[in-house]
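What follows draws every value from the coordinates through simple rules; no lab data is involved. Predicted, not measured: the structure shown is a model, and the values here were computed from it.
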Amino acid sequence: MKRLIQHSPPHAGEILSEYYFGPLGLSVSEAATKLLLTRPNLSAIVNGRASLSPSMAVKLSRAFNTSPQYWMNIQASHDLWKIMEKEKYV
């Protein structure tokens, strides 16, 4: 079977920063306060050092009027790509 060459899907934190925090003019500190999170935890997600948990997906969905599945799908696509890349599947 021929494999398609694809790009690496973005981490959920990249989407969060670029498409939500940026347009709203929110810093990580401001967003953490509004989301009732610690700044280090949110910073780790935004900078791609931590993955989204299901509970974080629910918080983000409420804050940005999206669905938890939206956030989990973004994160799962990124995580799967990384594993496939490591295993030389892609």
Convex hull per residue volume in Å³, alpha carbons only, for region 12-86 = 79
Given a cut-off of under 8 Å on Cα pairs at least six residues apart, what relative contact order in percent is computed for the chain?
-> 36
Compactness index (Cα Rg / 2.2 N^0.38 Å), region 42-89 | 1.25
